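Report on the following structure.
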Amino acid sequence: MSQKTQIGKLALLAATLSPDELEPFSEKLEEVKYCIGKAGSMDTQKIIAAVETAAKRNGLIAQDVYRETHALYHAILESLEGVMRGQLGVGNMMRTVGLRFSIVRGTPYDQKEEGEWIAVAFYGTIGAPVKGLEHETCGLGVNHI
């Protein structure tokens with residue numbers, strides 16, 4: 001894997017750092033397509049929909065190409081497993097999340113034949129639906145397109 005295109009690392013940085021803190025990485029981010037957003041809910045489907053909508057609105061995936069949506073979906077699910085410690089569910093388990101997310105699309109391998117990959121990172125809080133009782137959480141998912 002090439003040092004110049006570690007899309008998972010870039011996704012984690014973009015999800016966790018403020019715009020000012022992210023500034024030193026601006027050159028690396030220019031090598032990829034990316035976007036940053038927020039999602040907070042007691043409904044897993046709403047979190048997935050927020051990421052998918054951001055990816056489509058920002059041109060990270062083509063709306064009419066199934067394999068791109070499919071790759072994004074698997075990266076989201078993998079990342080959510082980290083956030084939710086392997087138990088995909090929030091409201092039905094009496095917990096809620098407040099998350100920043102980033103999506104990064106790039107070519108993490110030197111060989112052109114390896115193609116493009118997509119990474120989704122979440123960073124934020126998870127906990128009981130009572131303000132102040134949540135704790136930090138994060139997740140990362142990377143999938144080929």
* Could you tell me which residue of region 106-136 is farthest from Leu12 (Cα to Cα), considering only residues that are touching a Gly at 6+ places or on another chain (Cβ under 6 Å) and at pLDDT 95 or above? => Gly124
* Asked: Of the conditions (1) within 23 Å of Thr5 (Cβ to Cβ); (2) in contact with a strand residue (DSSP E or B) (Cβ under 7 Å, 6 or more places away or on another chain), Gly40 fails just one. Which one is it?
  -> (1)
* Look through region 102-145, keep the residues that are of a type in the set (D, E, K, R) and out of contact with any strand residue (DSSP E or B) (no Cβ under 9 Å at 6 or more places or on another chain), and return whichever of them is farthest from His74 (Cα to Cα). => Lys131
* Determine if region 12-30 includes at least one residue that is over 19 Å from Gly82 (Cβ atoms), of a type in the set (Asp, Glu) and at pLDDT below 95. => yes
* Structure fact -> Within region 132-145, the residues that are surrounded by 12 or more Cβ atoms within 10 Å (Cβ to Cβ) and assigned to a strand (DSSP E or B) are Glu134, Thr137, Cys138, Gly139, Leu140, Gly141, Val142, Asn143, His144
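Matching residues to (1) touching a Ser or Thr at 6+ places or on another chain (Cβ under 6 Å); (2) under 16 Å from Gly124 (Cβ atoms); (3) charged (D, E, K, R):
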position: Ala14; (1), (2), (3): yes, yes, no
position: Ser26; (1), (2), (3): no, no, no
position: Gly40; (1), (2), (3): no, yes, no
position: Thr53; (1), (2), (3): no, no, no
position: Gly59; (1), (2), (3): no, no, no
position: Ala62; (1), (2), (3): no, no, no
position: Glu68; (1), (2), (3): no, no, yes
position: Ile76; (1), (2), (3): no, yes, no
position: Ser79; (1), (2), (3): no, yes, no
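Before we move on, is Glu52 among the acidic types (Asp, Glu) and touching a Gly at 6+ places or on another chain (Cβ under 7 Å)? Don't jump to the end; show me each part of the working.
Values: among the acidic types (Asp, Glu): yes; touching a Gly at 6+ places or on another chain (Cβ under 7 Å): no.
Criteria not met by Glu52.
In region 1-33, which residues are assigned to a helix (DSSP H, G or I), of a type in the set (D, E, K, R) and surrounded by 14 or more Cβ atoms within 10 Å (Cβ to Cβ)?
Kept after step one, since they are assigned to a helix (DSSP H, G or I), are these residues of region 1-33: 3-5, 7-16, 19-29.
From what's left, of a type in the set (D, E, K, R): 4, 9, 20-21, 23, 27-28.
Hits for region 1-33 are Lys9, Lys28.
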* Considering each residue of region 34-60, count those that are in contact (Cβ under 8 Å) with a residue 60 or more places away in the chain and either in a loop (DSSP other than H, G, I, E, B) or more than 25 Å from Val97 (Cβ to Cβ) (or both), and give that number. => 1
* Scan region 104-131 for residues that are surrounded by fewer than 20 Cβ atoms within 10 Å (Cβ to Cβ) and hydroxyl-bearing (Ser, Thr, Tyr) and jot them down. => Thr107, Tyr109, Thr125
* Output yes when any residue across region 72-83 is under 21 Å from His144 (Cα atoms), of a type outside the set (A, V, I, L, M, F, W, C) and without any contact (Cβ under 8 Å) to a residue 24 or more places away in the chain, and no when none is. => no
* Asked: In region 40-95, what residues are at pLDDT 95 or above, of a type in the set (Gly, Ala, Ser) and over 11 Å from the mean Cα position of the chain (by Cα)?
  -> Ala49, Gly59, Ala62, Ala71
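The values are calculated or read from the model by the stated rules, or taken from the named source; none is laboratory data. Predicted, not measured: the structure shown is a model, and the values here were computed from it. Cβ: placed from backbone, ideal geometry, glycine included. Neighbour counts: every protein chain shown.
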